[in-house]
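A short worksheet on the structure shown next.
Where a number appears in this text, it was derived from the coordinates with a stated rule and is not lab data. On a predicted model such as this, the values are computed, not experimentally measured, just so you know. Every residue, glycine as well, gets a Cβ built from its backbone with ideal geometry; the counts of neighbours run over all protein chains shown.
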Amino acid sequence: MISFIKEKKSTWDKLKEETRPIFIYGMGDGALKIMSVFRRENITLSGIFASDEFVRGHSFEGYKVHKLSEVEEMVDDFVVVLAFAAGYQEIVDKVHEIANKHTLYVPDVPVVGAGIFNYDYCLKHAEELQKVYDMLADDYSRKVYANIINFKISGDISYLDSVTTPKSEIYKSIIKPSSSEVYVDLGAYNGDTIREILEFTRGRYTGIYAVEPDRKNFKKLSNFVDGMKFVYPHNVAAWCVDTELPFASKAGRQSAISASSEHKIEARTVDSILGRKPASIIKMDVEGFEREAIWGAANTIARYSPKLMIAMYHRNEDIFELPLLVKMLNPSYKLYIRHQLYIPAWETNLYATL
């Protein structure tokens with residue numbers, strides 16, 4: 001029994017007990033993962049709907065894609081299962097609008113890897129979860145941690161609503177960037193998080209190392225940093241050793257290391273990229289391979305204690321493995337957890353400072 005876990009019945013168990021029609025809201029990879037669990041758990045799917053602008057008379061996995069208004073005309077009372085990630089206020093507001101009219105569940109399916117995050121999974125990892133909870137640096141982090149876990153079990157978005165923190169507040173209260181930072185950005189994308197740091201330092205810094213493995217993203221990143229002094233872009237993957245890895249390029253942020261890809265890319269460790277020189281902030285958002293990236297920065301973390309910003313939502317085990325690993329490498333760290341605006345529990349990040 002873990003005291004801070006209140007939810008015991010999973011989203012899937014609730015859906016199995018439903019007698020009302022169940023409709024998935026959204027298409028794409030998230031819907032495919034949810035439909036796979038539906039088949040495995042013998043949950044009956046009645047249909048699929050999408051936002052009006054995405055409905056063009058097409059079908060998805062054999063189901064005609066409806067508008068919400070069409071489903072409402074066909075069925076008086078039904079259950080909605082969200083199958084995409086909402087990270088902008090306008091979309092989050094739309095999700096809440098639907099939740100106010102219909103029963104809404106947001107299943108937690110891992111971005112990377114397999115398995116279901118439910119109460120049994122928490123019991124299996126009770127020792128690690130409790131250890132992380134007890135080592136967190138403030139009461140709010142403990143509240144966030146508890147709410148994220150209860151959300152992942154239940155699919156109830158109210159758990160996210162009460163622990164959503166603006167990104168600016170996190171920078172101001174935890175990271176507190178100065179004008180002399182040596183910033184390492186793993187998963188630099190098009191330079192968006194570099195822009196964030198520079199906003200708070202008024203464009204001043206000592207050095208920036210930007211790591212982005214996807215070639216198209218790297219081109220955008222290179223264009224953004226072109227002409228900036230002491231900025232070192234690297235078209236490599238962040239890893240635990242210097243090597244080559246199979247890599248699948250996809251649109252936007254979804255490119256990732258993939259065993260099924262024939263394309264190879266150079267992989268580097270942070271320690272190698274820095275050449276034993278110090279870093280003062282390291283950000284990691286590397287699509288489920290944060291664990292390997294942390295090991296690749298082990299010497300830097302242990303020796304220089306850089307402030308860390310680490311995504312902890314890609315794999316089921318990230319929520320306990322990553323904090324425990326960081327604390328093991330540098331016991332002096334204070335650990336914080338914050339969740340930024342997102343449904344489901346994406347943009348839940350680990351922060352470490354002295």
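Add +1 for every Lys or Arg and -1 for every Asp or Glu among the other residues with Cβ under 15 Å from the Cβ of Ala279, and state the total. Charge balance near Ala279 sits at +3. Within a straight-line Cα-Cα reach of under 19 Å, Lys131 can be paired with the following lysines, leaving aside sequence neighbours fewer than 8 residues apart in one chain: Lys6, Lys143, Lys152, Lys327, Lys334. Per-peptide packing, taken as the mean over residues of other Cβ atoms within 10 Å, places 80-90, 320-330 in the sequence 320-330, 80-90 from highest down. Residues considered: Ile310, Ile48, Ile337. Largest GNM mean-square fluctuation over the chain, using C-alpha springs under 10 Å, is found at Ile48.
Note on Thr206 and Ala137: with the Förster distance fixed at 25 Å, the Cβ-Cβ geometry gives a FRET efficiency of about 0.40. Under the convention that each Lys and Arg Cβ holds +1 and each Asp and Glu Cβ holds -1, the size of the dipole of the chain around its Cα centre is about 1040 debye. If you sort the three axes of the alpha carbon gyration tensor as a ≥ b ≥ c, you get a/c of 1.5 or more for region 177-311 and a/b no higher than b/c, which makes it oblate. Local charge for Leu45 was computed over the other residues whose Cβ lies under 14 Å away, with Lys and Arg +1 and Asp and Glu -1, and equals +3. Taking Cα atoms only, the orientation of helix 318-329 departs from the longest principal axis of the chain by about 20 degrees. The C-alpha atoms of the chain define a longest principal axis, and helix 192-201 lies at about 60 degrees to it. Taking 0.36 nm per residue of separation and subtracting the current Cα-Cα distance, fully stretching the chain between Lys172 and Met74 would add 30.3 nm. Between the beta carbons of Glu17 and Ser332, assuming R0 = 56 Å, the FRET efficiency works out to 0.70 to the nearest 0.05. Taking the DSSP beta bridges with both ends in the chain, the antiparallel portion is around 35 percent. Computed over the chain, the P(r) curve from all C-alpha pair distances, binned at 10 Å from the origin, holds 5, 24, 31, 25, 12, 3, 0 percent per bin. Going 7 Å from the Cα of Glu97 in the Cα-to-Cβ direction, what parts of region 143-170 have a backbone nitrogen less than 17 Å from that spot? Zone members listed by number: none at all.
With the convex hull drawn over the C-alpha atoms of region 146-191, the volume per residue is 137 Å³. In this simple spin-label model, placing a label point 7 Å from the Cα along the Cα-to-Cβ direction at both Gln89 and Lys33 gives a separation of 2.8 nm. The long axis of helix 89-101 is offset from the longest Cα principal axis of the chain by roughly 30 degrees. What separates the Cα centres of region 186-228 and region 272-331 is a distance of 19 Å.
Under the simplified labelling scheme, the Lys264-Leu354 pair shows an inter-label distance of 4.1 nm, with each label point 7 Å from Cα along Cα→Cβ. Given Gly26, Val182, Leu324, which one lies farthest toward the positive end of the charge dipole of the chain, if we put +1 on the Cβ of every Lys and Arg and -1 on the Cβ of every Asp and Glu? Positive-end residue among those listed: Val182. Among DSSP beta bridges whose residues both lie in region 11-161, state the antiparallel percentage, nearest 5. Of all bridge pairs located within region 11-161, approximately 15 percent are antiparallel. In the chain, helical runs assigned H by DSSP with n ≥ 4 each contribute -39500 (n - 2.57); averaged across all residues and rounded to the nearest 500, the mean residue ellipticity at 222 nm is -10500 deg cm²/dmol.
If I take R0 = 30 Å and measure r between the Cβ atoms of Lys64 and Ala114 in this structure, what FRET efficiency does the formula 1/(1 + (r/R0)^6) give, to the nearest 0.05? Working from the Cβ atoms, E equals 0.55. Note on region 11-161: the alpha carbon radius of gyration divided by the globular reference 2.2 N^0.38 Å gives 1.13. Taking a sphere under 15 Å around the Cβ of Lys9 and counting the other residues whose Cβ falls inside, with K and R at +1 and D and E at -1, yields a net charge of -3.
Annotation: lysines with alpha-carbon distance below 29 angstrom to Lys219 (same-chain offsets under eight excluded): Lys167, Lys229, Lys250, Lys264, Lys277, Lys283, Lys307.
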